[in-house]
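A quick write-up on the structure given underneath.
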Amino acid sequence: MGEAIVITSGKGGVGKTTTSANIGTALALQGKKVCLVDTDIGLRNLDVVMGLENRIIYDLVDVVEKRCKIHQALVKDKRFDGLLYLLPAAQTVDKSAVKPEQMKELIGELKQDYDYILIDCPAGIEQGFQNALAGADKAIIVTTPEVSAVRDADRIIGLIEKQRNMEAPKLVVNRIRNHMMKSGDMLDIDEITQHLSIELIGIVADDEEVIKASNHGEPIALNPNSRASIAYRNIARRILGESIPLQPLEEANQGVFTKIKKFFGVR
Amino acid sequence: MKKRQNVTIKGTKEGLVLHLDDTCSFEELKKELDQKLSANSRTQEERNLFSVKLNVGNRYLTDEQREELKSLIRQKKNLVVDDIESDVITKEEAKRLKAENEVMTVSRIVRSGQVLTAPGDLLLIGDVNPGGTVVAGGNIFIMGSLKGLAHAGCFGNEEAVITASSMKPTQLKISDSINRAPDTMQNNEKREMECAYIDEDRQIIVDRLQVLIHLRPNLNRFEGGH
């Protein structure tokens, strides 16, 4: 029986889809059977980030409305040997096309066959969010070191905490710019974790490579030389409960050091 | 054998008190009250109004019955009902009173969009994040940081205070006064162990916690033990 993790943020544009794609990829690299579910119905783009757009035949709404079987709609990622699948969102209808109970049933079914189901949640707290949350056991909150993103994350955490049968959410701080954090122009990790007071499961630096990779339809996690990739892989290993002790602060410090070195090195 | 009187009038230091028996029916009581007040009636015109107190013992009076008694007495002579005292209250009232006098202890984080309400005093072990709201009928004590909105004395208690280990609210309300944070807050400013209260000019003042010792001595629940 697998585990369903919803990846959400409240605010748009903080990197939910990128995070979903990369954690999914990293988990698959660890040999887990992963299914990515895009619940951003009407504005799907997880398939684009994964580079699987042109293989979509059926979508989530087709499955829910029983126009096809689940396995027909799942898009297999050829880069992984049957480990990574994507259930794409529909593009022609909107979020009201699916009900939370239907999502719950669908995720329940997927859990039979996969180790991890990553649910990419749409922005906002309306129906789409409720749908994404319906089948999930755990949640990962993505935020950036911006006041507005943290505020929305706070709201989302409040909503998730109200859900019964869901574990306390974990936090990913995305798009960290170290020089800004150092100079105090950006919220620092400590401030964010203290404010939200949930467990930090990973931090990801702002990296142009991530954008490049997304545009090529290749999740950055596939590239072992990028810092962001390592960050995503670490998150995946922490999800697996692997031996890496979760020491976000030291991790952050390490990040700062290497970044500073790099910063001066470049100059 | 003569029946016991249902209505007795007594003069005390505070003025006239009408003791109304609590074993007879309300109708009987009204009748006797009516008789008694009429019988005693002496022609004392142009006298000042007397205020009297009613003591109804273990009788529960509804609001309508209270009004009825008041108007009945008002019609007779120059008496005005000042206060009605009853030894009984409804369970509901008792529960409300108990809730209002209790300190509700809550241990959680009030996050953006959440509202935490307490009928009486509120002791919050945790933070109030920006966008979160705490409302209390009495005082609000926050052992954590207050970064959202706090409304103490929401039913009009102007004596209510708000205290926080870290006082960085977006807005403070006490009774119907409002105070908001200055637009240019120094970010590094430490606002630790502070309290907010309403001063004589009905302004919300934020000050050190210790000033409350003198300003609100009635915060003390602990009696004796010097």
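A compact table of results
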{"quantity": "Label-zone membership for the stretch A:194-215, site residue A:163, 7 angstrom Cα→C-beta point, backbone N under 17 Å", "calculated": "A:198-199"}
{"quantity": "Exposure proxy ranking, count of Cβ atoms within 10 Å, fewest first, for A:192, A:56, A:211", "calculated": "A:211, A:56, A:192"}
{"quantity": "³J(HN,Hα) computed for each position of the stretch B:156-171 - Karplus, 6.51 cos²θ - 1.76 cosθ + 1.60, integer Hz, glycine/proline x", "calculated": "x, 7, 7, 7, 5, 10, 10, 10, 8, 5, 9, 9, 9, x, 7, 8"}
{"quantity": "Simple label model, 7 Å out from Cα along Cβ direction - residue B:158 to residue A:146, nm", "calculated": "4.5"}
{"quantity": "Value of [θ]222 nm, deg cm²/dmol, for the protein assembly as shown, DSSP H segments ≥ 4, -39500 (n - 2.57) each, nearest 500", "calculated": "-9500 deg cm²/dmol"}
{"quantity": "Likely footprinting exposure, B:125, B:162, fewest C-beta neighbours within 10 Å first", "calculated": "B:125, B:162"}
{"quantity": "Computed Kirkwood radius, in angstrom, where 1/r is averaged over Cα pairs of the stretch B:7-85", "calculated": "12.8"}
{"quantity": "Convex hull of Cα atoms in the stretch B:94-219, direction-averaged projection (nm²)", "calculated": "7.5"}
{"quantity": "Cα convex hull of the stretch A:1-60, projected area averaged across orientations, nm²", "calculated": "4.9"}
{"quantity": "Fluctuation leader among A:244, A:107, A:220 - chain A, Gaussian network, Cα springs under 10 angstrom", "calculated": "A:244"}
{"quantity": "nm² value of the averaged projected area, convex hull over the Cα atoms of the stretch A:3-262", "calculated": "12.8"}
{"quantity": "In Å, descending, principal axis extents of the Cα set of the protein assembly as shown", "calculated": "108, 57, 38"}
{"quantity": "Aspartates and glutamates with Cα under 14 Å of residue A:138, excluding same-chain neighbours fewer than 8 positions away", "calculated": "A:3, A:115, A:120, A:161, A:167, A:199"}
{"quantity": "5 Å-binned pair-distance histogram of the stretch A:89-166 (Cα, whole percent)", "calculated": "3, 13, 24, 25, 18, 12, 5, 1"}
{"quantity": "Relative contact order of chain B, defined on C-alpha pairs under 8 angstrom at six or more residues apart (%)", "calculated": "9"}
{"quantity": "Cα-Cα over 24 Å, subset of A:32/A:162; B:30/B:95; A:33/A:162; A:11/B:190; B:36/B:70; A:170/B:190", "calculated": "A:32/A:162; B:30/B:95; A:33/A:162; A:11/B:190; A:170/B:190"}
{"quantity": "Share, in percent, of DSSP beta bridges within the protein assembly as shown that are antiparallel, nearest 5", "calculated": "25"}
{"quantity": "Computed over chain A: relative contact order in percent, which uses C-alpha pairs under 8 Å that are six or more apart", "calculated": "24"}
{"quantity": "Per-residue HN-Hα couplings for the stretch B:146-151 [Karplus 6.51, -1.76, 1.60; θ = phi - 60°; Hz; x = Gly/Pro]", "calculated": "9, 10, x, 10, 10, 10"}
{"quantity": "As computed over chain B, the Cα convex hull volume per residue (Å³)", "calculated": "207"}
{"quantity": "Calculated from backbone phi, Karplus (6.51, -1.76, 1.60) coupling profile of the stretch A:135-149 in Hz, x at Gly/Pro", "calculated": "x, 7, 9, 10, 9, 10, 9, 9, 9, 10, x, 10, 4, 5, 5"}
{"quantity": "Relative contact order computed over the stretch B:74-123 (Cα-Cα under 8 Å; 6+ residues apart), in percent", "calculated": "34"}
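Any read-out appearing in this document is the output of simple, stated calculations on the displayed coordinates, not a laboratory observation. Note that the structure is predicted; figures quoted are calculated from it, not measured. Note that we place each Cβ from the backbone using ideal geometry, even for glycine, and neighbour counts take in every protein chain shown.
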